1. Please verify whether segment 101-108 includes one or more residues that are farther than 24 Å from ALA189 by Cα and modelled with pLDDT of 95 or more.
2. Take LEU170 and decide whether it is modelled with pLDDT of 95 or more and part of a helix (DSSP H, G or I).
3. If you go through segment 48-77 one residue at a time, how many are assigned to a helix (DSSP H, G or I) and of a type in the set (Asp, Glu)?
4. Mind listing just one residue for me: the one in segment 111-165 that is outside any helix (DSSP H, G or I) and basic (Lys, Arg) and, of those, nearest to the chain's Cα centre (by Cα)?
5. Considering only residues of segment 13-38 that are surrounded by fewer than 24 Cβ atoms within 10 Å (Cβ to Cβ) and closer than 17 Å to ALA132 by Cα, which is farthest from the ligand (Cβ to nearest atom)?
6. Can you tell me which residue is nearest to PHE26 (Cα to Cα) among those in segment 82-117 that are of a type in the set (Gly, Ala, Ser) and open to solvent by 10 Å² or more (accessible area, probe 1.4 Å)?
7. Applying the selection to segment 126-139, what residues are open to solvent by less than 30 Å² (accessible area, probe 1.4 Å) and touching a Ser or Thr at 6+ places or on another chain (Cβ under 7 Å)?
8. Please go through segment 60-81 and pick out each residue that is open to solvent by less than 70 Å² (accessible area, probe 1.4 Å) and free of Cβ contacts under 8 Å to residues at least 40 places away in the same chain.
Amino acid sequence: MTFTIAIDGPAAAGKGTVGRLLAAHFGFAHLDTGLLYRATGRRTLDGLDAVEAAQNLKAEDLKAPDLRTPEVGQAASRVAAIPEVRQALIDFQRAFARRSGGAVLDGRDIGTIICPDAEVKLYVTATDDVRAARRLAELTGSGHDVSYDDVLQDLRLRDARDSARASAPLAAAKDAILLDTSTLTIEQAVATAIAEVERVR
Ligand code: C5P
């Protein structure tokens with residue numbers, strides 16, 4: 001059985017958490033596609049060419065401890081605008097999506113470009129304030145010394161770059177279900193997502 005759930009949305013909207021918990025609920029595999037771009041961006045900070053870094057990405061690159069930092073997030077967003085970088089990462093994502101047993105992928109272009117035929121598409125959003133507060137809590141919780149204003153600016157810069165790029169910009173697929181998590185707890189957001197999947201399953 002193949003069954004694909006595509007989740008897109010801006011930075012820190014809750015895509016990753018919803019994706020992980022949805023996958024656990026249905027016993028599906030989960031791929032945080034942002035990690036592919038973060039690992040590629042991370043390697044460019046070491047001086048590697050972005051396209052080569054994406055073409056030669058290894059499983060161990062996805063385990064680097066600092067992939068979640070704002071600096072790596074910005075590097076990810078810069079390399080993500082390069083069409084050859086995106087091209088290098090497509091086959092892996094599509095193969096993951098069609099693996100037997102079901103898959104959840106979250107990112108920016110999953111419902112539009114990677115899996116336009118996904119059985120369920122969710123577009124997860126939240127207000128800028130809520131997203132910045134959540135990301136601040138995450139970063140300070142893991143020992144990073146950052147301010148609310150820096151986090152907010154970081155998210156807005158990435159969202160603007162991700163939305164404006166010519167190649168696979170951040171966008172909701174026409175048939176995506178909008179899930180605004182601004183006033184929802186994680187449990188409520190996941191329960192809503194589960195109900196949407198159950199409707200088509
Ligand atoms: O999801 P996350 O914030 O970790 O993604 C980091 C960056 O990777 C995003 O800002 C975006 O530029 C890029 N990305 C992308 N397409 C995806 C997933 C992430 O362009 N499917």
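1. Filtering segment 101-108 for residues farther than 24 Å from ALA189 by Cα gives none.
No, every residue in segment 101-108 fails to be farther than 24 Å from ALA189 by Cα and modelled with pLDDT of 95 or more.
2. On the way: modelled with pLDDT of 95 or more: yes; part of a helix (DSSP H, G or I): no.
No.
3. Step one: filter segment 48-77 for residues assigned to a helix (DSSP H, G or I), giving 50-55, 59-63, 70-77.
Subset that is of a type in the set (Asp, Glu): 52, 60-61, 71.
Qualifying residue count, segment 48-77: 4.
4. Let us first name the residues in segment 111-165 that are outside any helix (DSSP H, G or I), namely 115-127, 142-147, 165.
Okay, now just the ones that are also basic (Lys, Arg), so 121, 165.
Values: LYS121: 13, ARG165: 16 Å.
Looking at the filtered set, the residue picked out is LYS121.
5. It comes out as THR17.
6. Keep residues of segment 82-117 that are of a type in the set (Gly, Ala, Ser), which gives 88, 95, 97, 100-103, 107, 111.
Then drop every residue that is not open to solvent by 10 Å² or more (accessible area, probe 1.4 Å), which leaves 88, 95, 100-101.
Details: ALA88: 29, ALA95: 19, SER100: 13, GLY101: 9 Å.
Out of the qualifying residues, it is GLY101.
7. Here is the first cut: in segment 126-139, the residues open to solvent by less than 30 Å² (accessible area, probe 1.4 Å) are 126, 131-132, 139.
Across segment 126-139, the qualifying residue is only ALA126.
8. So in segment 60-81, the residues open to solvent by less than 70 Å² (accessible area, probe 1.4 Å) come out as 61-62, 64, 66-67, 69-70, 72-77, 79-81.
Within segment 60-81, ASP61, LEU62, ALA64, ASP66, LEU67, VAL72, ALA75 meet the criteria.
The values are calculated or read from the model by the stated rules, or taken from the named source; none is laboratory data. Since the model is a prediction, treat every value here as computed from it, not as a measurement. Positions of Cβ are backbone-derived with ideal geometry, glycine not excepted, and every protein chain shown enters the neighbour counts. Ligands, DNA and RNA are excluded from the accessible area calculation, which covers all protein heavy atoms including side chains. Shrake-Rupley method; radii C 1.70, N 1.55, O 1.52, S 1.80 Å.
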